[in-house]
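Here's the structure we're looking at; comments come further down.
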Amino acid sequence: MVTILSGAEQALASDNTLLVNSHHFNSTGDDGMSSLRGKKQRGGCNLFQGRWVFDASYPFYDSSTCPFIDGEFDCLKFGRPDKQFLKYSWQPESCTIPRFDGAAFLRRWRGKRVMFVGDSLSLNMWESLGCMIHASVPNAKTTFQKRTPLSTLTFQEYGVSLFLYRTPYLVDISKETVGRVLNLGAIEGGAGTWKNMDVLVFNSWHWWTHKGQSQGWDYIRDGSSLVRDMNRLDAFYKGLSTWARWVDQNVDTTKTRVFFQGISPTHYEGREWNEPRKNCNGQMQPLSGSNYPSGQPPSAGVVSKVLSSMKTRVFLLDITTLSQLRKDAHPSAYGGDKGNDCSHWCLPGLPDTWNQLLYAALSM
């Protein structure tokens, strides 16, 4: 195996965000990829601290010409009348993100395997990346296979495969005599499939909060005890710690870059951004400034705590705050299922920025 991007351990500052010296954004001869040099210094740039600005050059692609978008994310197809939500780019405070170049991505990662592991927010990001690359090479031959739990999109000429492995909790749900059991200490289900990837992007949280009919389990196994329920943040911490141990024991970071997607926020509660009677429905522009009134969700603190305890250097793609500012970017009533979806994101849209930040991190 080729050692990919050795020295990437410098990409993380102590707080798990990428610090980049703004003077190191030099164009290189490497297929047009811009270089980002990780620097642990006060004068650096945090890619995830900034604001949204209007940008007429967006979006990266047209949803009607991308063959990979699920209906639930295709907001224009389902009648969303406003289009301004497509026209915002993320601007960090003191540096510039390299613009995504799908052809350069394919050349750089020729023969490589990228896998997204998690829930429907991983699906959102996986489809976004497929569309962004496809827009650069619209005539490239692809194979696209959507199955549960493993879906694959391959750009044949380049041998680049994008995988999606659906597992909303990362840890296992097993069938026992009592019913479906969420086992906080077991991660056997799909973990074998995650091995030998060149890039792994993990994500989990949304399903940990589900109750009632949408809850994915009947009991929780916590060590030797079987319980009907427990504090969901505690459960998330224990489950994510099991995932962290798996990564520490099974992933060789000289061969595999590991990311955690960060907590994707919802916008059902307008009081969080000082509009108590509102939710995402009808929102047409981002919040201004760089801070979200109610701050980061507690689940983001759990992620930081677990990542900081790991031996393996996992890059936190810290998309929480920049996504919190995008109350306008959800499908809301235009997700095709007649509900009000304030948890997923329209495509084109916000997940394209997540992938642009992933591209920046991989370009180092």
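The values are calculated or read from the model by the stated rules, or taken from the named source; none is laboratory data. As the structure is a computational prediction, the values presented were derived from the model and not from experiment. We place every Cβ from the backbone using ideal geometry, glycine too, and count neighbours over all the protein chains shown. Accessible surface areas use protein heavy atoms only, side chains included; no ligands, DNA or RNA. Shrake-Rupley method; radii C 1.70, N 1.55, O 1.52, S 1.80 Å.
For (1) at pLDDT below 95; (2) open to solvent by 80 Å² or more (accessible area, probe 1.4 Å), each residue gets a yes or a no:
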site: Ala8; (1), (2): yes, no
site: Ala13; (1), (2): yes, no
site: Ser22; (1), (2): yes, no
site: Ser27; (1), (2): yes, yes
site: Leu76; (1), (2): no, no
Selection within segment 167-183 - touching a Phe, Trp or Tyr at 6+ places or on another chain (Cβ under 9 Å) and either in contact (Cβ under 8 Å) with a residue 40 or more places away in the chain or within 30 Å of Thr65 (Cβ to Cβ) (or both): Pro168, Tyr169, Leu170, Val171, Ile173, Glu176, Val178, Gly179, Val181, Leu182
Among the residues listed as Phe163, Phe100, Phe105, Phe155, the single one being more than 19 Å from the chain's Cα centre (by Cα) and not charged (D, E, K, R): Phe155
Some residue of segment 281-288 being open to solvent by 10 Å² or more (accessible area, probe 1.4 Å), at pLDDT 95 or above, over 22 Å from Trp208 (Cβ atoms) and hydrophobic (A, V, I, L, M, F, W, C): yes
Residues of segment 141-156 classified as free of Cβ contacts under 8 Å to residues at least 24 places away in the same chain and assigned to a loop (DSSP other than H, G, I, E, B), total: 5
Lone unmet requirement of (1) surrounded by 20 or more Cβ atoms within 10 Å (Cβ to Cβ); (2) touching a residue at least 60 places away in the same chain (Cβ under 8 Å); (3) farther than 17 Å from Phe163 by Cβ for Glu93: (1)
Any chance Met364 is at pLDDT below 95, assigned to a loop (DSSP other than H, G, I, E, B) and either more than 20 Å from His267 (Cα to Cα) or touching a Leu at 6+ places or on another chain (Cβ under 9 Å) (or both): yes
Evaluation of Phe116 against (1) within 26 Å of Asp198 (Cα to Cα); (2) of a type in the set (A, V, I, L, M, F, W, C); (3) touching a residue at least 40 places away in the same chain (Cβ under 8 Å); (4) surrounded by fewer than 22 Cβ atoms within 10 Å (Cβ to Cβ) (one fails), failing number: (4)
Gly223 at pLDDT 95 or above, farther than 24 Å from Gln356 by Cβ and among the small types (Gly, Ala, Ser): no
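Does Ile263 count as surrounded by 17 or more Cβ atoms within 10 Å (Cβ to Cβ), part of a loop (DSSP other than H, G, I, E, B) and free of Cβ contacts under 8 Å to residues at least 60 places away in the same chain? Spell out how you get there, then give the answer.
Numbers: surrounded by 17 or more Cβ atoms within 10 Å (Cβ to Cβ): yes; part of a loop (DSSP other than H, G, I, E, B): yes; free of Cβ contacts under 8 Å to residues at least 60 places away in the same chain: yes.
Answer is yes for this residue.
Kindly indicate which of Ala103, Ala191 is modelled with pLDDT under 95, aliphatic (A, V, I, L, M), open to solvent by less than 30 Å² (accessible area, probe 1.4 Å) and more than 18 Å from Thr353 (Cβ to Cβ).
Ala191 is the lone residue from the list that is modelled with pLDDT under 95, aliphatic (A, V, I, L, M), open to solvent by less than 30 Å² (accessible area, probe 1.4 Å) and more than 18 Å from Thr353 (Cβ to Cβ).
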Enumeration of residues in segment 310-330 that are within 20 Å of His344 (Cα to Cα) and touching a Lys or Arg at 6+ places or on another chain (Cβ under 8 Å): Leu325
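Quick one: which residue in Phe144, Phe48 is of a type in the set (A, V, I, L, M, F, W, C), out of contact with any Cys (no Cβ under 7 Å at 6 or more places or on another chain) and open to solvent by 60 Å² or more (accessible area, probe 1.4 Å)?
Numbers: Phe48 fails: open to solvent by 60 Å² or more (accessible area, probe 1.4 Å).
Residue meeting the stated conditions: Phe144.
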